[in-house]
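The values are calculated or read from the model by the stated rules, or taken from the named source; none is laboratory data. Bear in mind the structure is a predicted one, so any value in this text is a computation, not a measurement. Areas reflect the complete protein model, heavy atoms only, side chains present, ligands, DNA and RNA absent. Shrake-Rupley method; radii C 1.70, N 1.55, O 1.52, S 1.80 Å.
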Amino acid sequence: MRNVIETSSRSAANEAADAVIVAEHHTPIGRLALAATDEALLYCGFFPPDAVRQRLAAGARDCVDESAAGPGRLGVIQEARGQLDAFLAGKRRSFSVPVDPSLATPFSKEVVLAVAEQVPYGGTATYGELAAAVHRPGSARAVGKALGANPLCVVLPCHRIVGASGRLTGYAGGVAAKRFLLDLECRG
């Protein structure tokens with residue numbers, strides 16, 4: 001019986017080491033939930049932490065709250081917090097925290113990565129322009145939906161996409177957060 005308990009303990013320890021850490025971070029654009037493994041940031045967005053845990057659990061990912069993770073496992077979360085704070089204070093223009101966009105659908109991943117690659121800091125593009133850039137002309141609505149599912153808001157800058165008229169539309173954090181981010185980048 002002792003071997004079974006030891007094996008179970010080892011399995012539980014391994015699962016805890018592989019678990020995704022979920023934390024909150026208060027910012028000028030609102031409360032962000034962060035989720036990370038020891039290697040990369042999986043989620044940065046406006047859903048409440050409980051919703052993020054549910055999303056991760058649906059994908060068979062175990063979650064650990066930041067307070068239960070232990071200081072040795074908080075490197076990516078702390079790095080993300082520092083970079084977010086510097087970015088939102090206008091002291092940083094890009095992110096180097098490792099990211100894992102595996103929570104995105106393949107199309108959403110393609111779209112948000114295209115924004116990060118093609119729309120520079122301080123710039124904007126329209127949904128239609130982005131649709132053309134991902135070789136899907138005429139699919140501006142699908143692009144908008146894909147951006148709405150961005151699991152790495154701010155870090156992968158979907159806020160840089162605007163309506164055809166330049167109007168601010170469709171941001172998970174709300175139009176005020178989108179305006180804050182665009183104004184911040186225009187000043188930078």
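In whole Hz and in residue order, list the ³J(HN,Hα) couplings for region 146-151 that follow from phi through the Karplus curve 6.51 cos²θ - 1.76 cosθ + 1.60, θ = phi - 60°; x for Gly and Pro.
Per-residue couplings from phi come out as 5, 5, x, 9, 4, x Hz.
By the gyration tensor of its Cα atoms, with a ≥ b ≥ c the square roots of the eigenvalues, what is the shape of the chain: rounded for a/c under 1.5, prolate for a/b over b/c, or oblate?
Working: a/c = 2.68, a/b = 1.84, b/c = 1.46.
Prolate.
State whether region 98-178 is rounded, prolate or oblate according to the following rule on the C-alpha gyration tensor (a ≥ b ≥ c being the square roots of its eigenvalues): a/c under 1.5 gives rounded; otherwise a/b larger than b/c gives prolate, and the remaining case gives oblate.
Judged from the Cα gyration tensor, region 98-178 comes out rounded (a/c under 1.5).
Collect residues whose amide H, placed 1.01 Å from N in the peptide plane, falls under 5 Å from the amide H of residue 27; neighbours closer than 5 in sequence don't count.
So residue 27 has HN proximity to 32.
Counting only protein heavy atoms and using a 1.4 Å probe, what share of the accessible area of region 64-188 belongs to carbon plus sulfur, as a whole percent?
Values: 3220 of 6000 Å².
That fraction is 54 percent.
Taking only protein heavy atoms into account and a 1.4 Å probe, give the accessible area per residue of the chain in Å². Before the final figure, lay out the partial values.
Numbers: 9560 Å² over 188 residues.
With the other protein chains kept in place, the chain gives 51 Å² per residue.
Just to check I understand the Karplus step: with θ = phi - 60° and J = 6.51 cos²θ - 1.76 cosθ + 1.60, what whole-Hz values come out for region 164-179, glycine and proline as x?
4, 8, x, 5, 7, 9, x, 10, 4, x, x, 5, 4, 5, 4, 4
Skipping prolines and chain starts, which residues have an amide H placed within reach, meaning under 5 Å, of the one on residue 41, given they are 5 or more residues away or on another chain?
Placed amide hydrogens put 99, 100 under 5 Å from residue 41.
In deg cm²/dmol and to the nearest 500, what is the mean residue ellipticity at 222 nm of the chain if only DSSP H runs of at least 4 residues count, each as -39500 (n - 2.57), divided by the residue total?
Working: 8 runs with 87 residues, N = 188.
When only DSSP H runs of four or more count, the value is -14000 deg cm²/dmol.
How high is the relative contact order of region 82-188, given as a whole-number percent (alpha carbon pairs under 8 Å, six or more residues apart)? It would help to have the intermediate numbers written out before the result.
Values: 126 pairs, mean separation 32.3, N = 107.
Result for region 82-188 is 30 percent.
To the nearest Å, what is the center-to-center distance of region 99-120 and region 24-95, using C-alpha atoms only?
If we compute the Cα centre of each part, the gap is 17 Å.
Name the shape class, rounded, prolate or oblate, that the alpha-carbon gyration tensor gives for region 50-143, where a ≥ b ≥ c are the square roots of its eigenvalues, rounded holds for a/c under 1.5, and otherwise prolate holds if a/b is larger than b/c and oblate otherwise.
On the way: a/c = 3.16, a/b = 1.46, b/c = 2.17.
Verdict is oblate for region 50-143.
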